[in-house]
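The structure appears right after this line, and notes come after that.
What follows is calculated from the coordinates using simple rules that are stated; it is not laboratory data. Nothing here was measured: the structure is a model prediction, and the numbers come from that model. Note: ideal-geometry Cβ built from the backbone for every residue, glycine included; neighbour counts use all protein chains shown.
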Amino acid sequence: MDALDSACALEAKQTAMALTNHFAKQPKQTRLKSAEECRECGLAIIKARQEAVKGCQFCTDCQELIDKGKL
Ligand SMILES: [Zn+2]
């Protein structure tokens, strides 16, 4: 395994962990339909995020601010 492989593997692992944490925090939203556009800034939410985070209503940037209590 070279450096690029291990970097990709690490990134995939961190993404999986972040999604697991997200689901653990918001179990009630897993059945909701995801929004196609962010409710805060109106930007399109990418399909992968809509499918990965069931019921998501915000783009990753806005969700991060919300999680930090800044919105
Ligand atoms: Zn947004």
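Of note:
- Sorting 56, 38, 8 from the fewest to the most surrounding beta carbons within 10 angstrom yields 8, 38, 56.
- Within the chain, the longest segment free of exposed loop sites, counting trypsin sites (Lys or Arg not before Pro) that fall outside DSSP classes H, G, I, E and B and have at most 15 other Cβ atoms within 10 Å, spans 1-30.
- Where labels lie 7 Å past Cα in the beta-carbon direction, separation of residue 41 and residue 60 in nm: 1.2 nm
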